[in-house]
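Before any comments, here is the structure.
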Amino acid sequence: MLFKSKIKWAALIGFTLSIFSLLVHLLLAKYSGGNLFHYRESSIFFTRDRVLSFRGQSSRYRRLWGTTRTLESLLPYASPRVKYPGPPKQNGFIFVKIYGGFEKIRSSICDVVVVARMLNATLVIPEIQESTRSRGISYKFKSFSYIYDEDRFTSALAKDVVVVKSLPNDMKDAMKKMKYPTISPPRSARPNFYRNEVLPKLKEMKVVKLVIYDGGCLQSILPERMAEYQRLRCRVAFHALRFRSEIEDLGRRLVQRLRASGQPYLAYHSGLIRETLAYHGCAELFQDVHTELIQYRRAQMIKQKIVFGERTIDSQVPRKNGSCPLMPEEVGILLRAIGYPSDTIIYLAGAEVFGGQRVLIPFRTMFNNLVDRSTLLSKKELLGLFGPETTLPLDLPPPVPEVSKEKQLQEWNKAGPRPRPLPPPPARRIYAHEMEGWYGWITRRPTEPEPSPIDLRKQAHRLLLNALDYIVSVEADAFFPGFDNDGSNWPDFASLVMGHRLYELAAAKTYRPDRKVMGNLIDSIRERLYTPKWNWTLTVRELLNQSVGADGLMRESLRAKPRNFLAYPLPECLCSAAKLSGDSNQTRAAVDQLLHGQVDECPSRMLHDLLTVRGAYGGMEEAADERETSTNDELDDQHEPEEDIKPEVARIWEQDEEMDPDD
């Protein structure tokens, strides 16, 4: 009896202690867990529980977020350098239809403006096929105004080209009856092509229709005597092509929310796009259905003679040549090697990441604050951007056909005399959830179907989403491309962003990784990817830090400019303020002579304004602190944001733009 009573007392005491422990935990959760996370703009990012103070680590902050000293003398200057007459007597109208996505549209518009100036033609505002009414967009917008501000485009180019919103009524009717010549120029047409092939028809018929498919209609590098046409490209891309006000406002709101916590942010564009991956044969970097989708698209390109080669190739070959993208996991390893901590705010740009969220899982594991527009914007804000749209029928997968009993009986009777072998088991039924999404067709048919009305509308929406990401990427404190200048001769998002950042603030932190070198370095530690040796980390850090400076720009000039001028608008569209640095820094003077030897000196009025700006900010730090490779640095240090001089530099340019170019 005594033994049993002790067991009862022990059980009672254990139960009491359990209840007491549970109550204590509930009380602690109630009174101390309220401040762990708040759903408001200023605290949507995960940060460690230490004070964001970087005064003792300023050199480390400058290495990750500061400007590049050797490029600070480069300023935007796209004004004409010589006497520049206004639009002369017009030879006729150029009507343009542009096919393709955001990158091809932006690059093509810049080219057609230059062509119109070259031919002394009046340019009708281009028609963007991805955003016509047939795509199911809002009735509030026409094709061009769906993305860009028409009034700004017309007024900004008033001294360069005559731009009208539409053809005269009589010419409209003739255009509908196809009475005017239609020309589809090649991707990199020479100026002589337009003088010999287009200009005679323009003078004769007064209207010529250009149809552009490949993201451009004029060669990237023009003769030196045509430098003013290159500057016109810059004035179009960086000043005339402003997004409509709703996009601009929402883009600024995104930037404000990213910086609401007081920390800088890095923009990352993966470059994982089906077209480009199929062009280079990078199918084996993915799995399952995505590999099949890439191979199917590559087979189409081979049939269309866009690609010459085999449908299935070893993806490791183009990857080692730098023709395949750096996968998100590899980019995460590189960013950690540079020194970015796990709570760095990273914005994922791009309307679509081929491969879905699965390819981003390792990257999200390394960086807790990976966000995109869907994280920072509400559904209501995005719907307001699209405007009022009509309801479209749902694009549901077709039902699985059912076999009638009569048909089943007929098949049974055809099976022959008994005893009969058991029939094969029925094929596994494909359920509706397996056929959802744009790729669902591959589970039920051998060919890709024509896009449905909802698909066409989504393609138009991607233009707006890419426009938002473009604003955020250009304004980012740092930018890292996963796949730029891929060699396909098509303009790409990352290259346009890098060119815009080079123009607007050349010294901003823009990484230009050599994919071939980085891929080989990552392969060398494939067995211990997350625990590399310190020497490997130092090597990666040194190479990527060099890529943001003069070395990276020199390599960019060789591979980017021949394909797309807007990716590298140097030296035509920038000027040098090297006199500000003086002769005390011989290293910077030597680099400036090497890199900017062909860059014009900035006008004295710009130098005066820049001196005022730099005086207000107390000067910049010395270049010796640009790279710090001390072994005592921790890879997870946080960094203090500094003042951003972008608005002031932009103000200087706006003042210069308003002045007469003949001054």
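Working note: Debye formula, equal point scatterers on the alpha-carbon atoms of the stretch 272-414, no solvent; log10 I(q)/I(0) at q = 0.16 Å⁻¹ is -1.01.
Two numbers describe the Cα atoms of the stretch 99-246: Rg and Dmax, which are 15.0, 45 Å. For the stretch 94-167, the spread of Cα positions along the three principal axes, ordered from largest to smallest, is 35, 21, 20 Å. Shown in residue order for the stretch 337-342 are the 3J(HN,Hα) couplings computed by the Karplus curve 6.51 cos²θ - 1.76 cosθ + 1.60 at θ = phi - 60°: 5, 5, x, 6, x, 5 Hz (x for Gly and Pro). Across the stretch 453-522, Cα-Cα distances exceeding 21 Å account for 38% of all pairs.
Here the Karplus relation 6.51 cos²θ - 1.76 cosθ + 1.60, evaluated at θ = phi - 60°, turns the backbone of the stretch 240-253 into coupling constants of 7, 7, 9, 5, 4, 4, 5, 5, 4, 5, 5, x, 5, 5 Hz, with x for every Gly and Pro. Work out the P(r) tail for the stretch 289-358: percent of alpha carbon pairs separated by more than 21 Å, whole number. The share of Cα pairs beyond 21 Å in the stretch 289-358 comes to 44 percent.
Surface composition of the stretch 130-206: carbon plus sulfur atoms contribute 50% of the solvent-accessible area (1.4 Å probe, protein chains only, all chains present). Counting charges near I302 (Lys, Arg +1; Asp, Glu -1) among other residues having Cβ under 12 Å from its Cβ returns a value of +4. Full extension of the segment from K379 to I525, taken as 0.36 nm per residue of separation minus the current Cα-Cα distance, would add 48.3 nm. Phi angles of the stretch 491-506 translate, via the Karplus equation with coefficients 6.51, -1.76, 1.60 and θ = phi - 60°, into HN-Hα couplings of x, 10, 4, 4, 5, 5, 5, 5, x, 5, 5, 4, 6, 6, 8, 4 Hz per residue; Gly and Pro are given as x. Largest accessible area first, the residues Y77, Y139, Y146, Y99 order themselves as Y139, Y99, Y77, Y146 under a 1.4 Å probe with ligands, DNA and RNA left out. L409 exposes around 100 Å² of accessible area when a 1.4 Å probe is run over every protein chain in place. Taking loop as defined by DSSP and a crowding limit of 12 other beta carbons within 10 Å, which GluC sites (Glu not before Pro) in the stretch 283-332 fit? Sites meeting the loop and neighbour criteria: E310.
Solvent-accessible area of K561, all protein chains in place: 20 Å² (probe radius 1.4 Å, heavy atoms, ligands and nucleic acids excluded). Using every pair of separate Cα atoms, the Kirkwood estimate puts the hydrodynamic radius of the stretch 195-249 at 14.3 angstrom. Multiplying the residue separation of D173 and Q287 by 0.36 nm and removing their Cα-Cα distance gives an extension gain of 35.9 nm. When the Cα positions of L505, F480, W536 are compared along the charge dipole of the stretch 479-551, W536 comes out farthest toward the positive end, with charges on each C-beta of Lys, Arg, Asp and Glu. Protein-only accessible surface at a 1.4 angstrom probe places the residues M205, M366 in the order M205, M366, largest first. All other residues whose Cβ lies under 12 angstrom from that of A460 are scored, Lys and Arg at +1 and Asp and Glu at -1, for a net of +2.
The values are calculated or read from the model by the stated rules, or taken from the named source; none is laboratory data. Note that the structure is a prediction, hence the values are computed from the model and not measured. Don't worry about glycine lacking a Cβ; one is built from the backbone with ideal geometry, like all the others, and counts go over all protein chains shown. When the accessible area is computed, the model is the full protein with side chains, heavy atoms only, and any ligands, DNA or RNA have been set aside. Shrake-Rupley method; radii C 1.70, N 1.55, O 1.52, S 1.80 Å.
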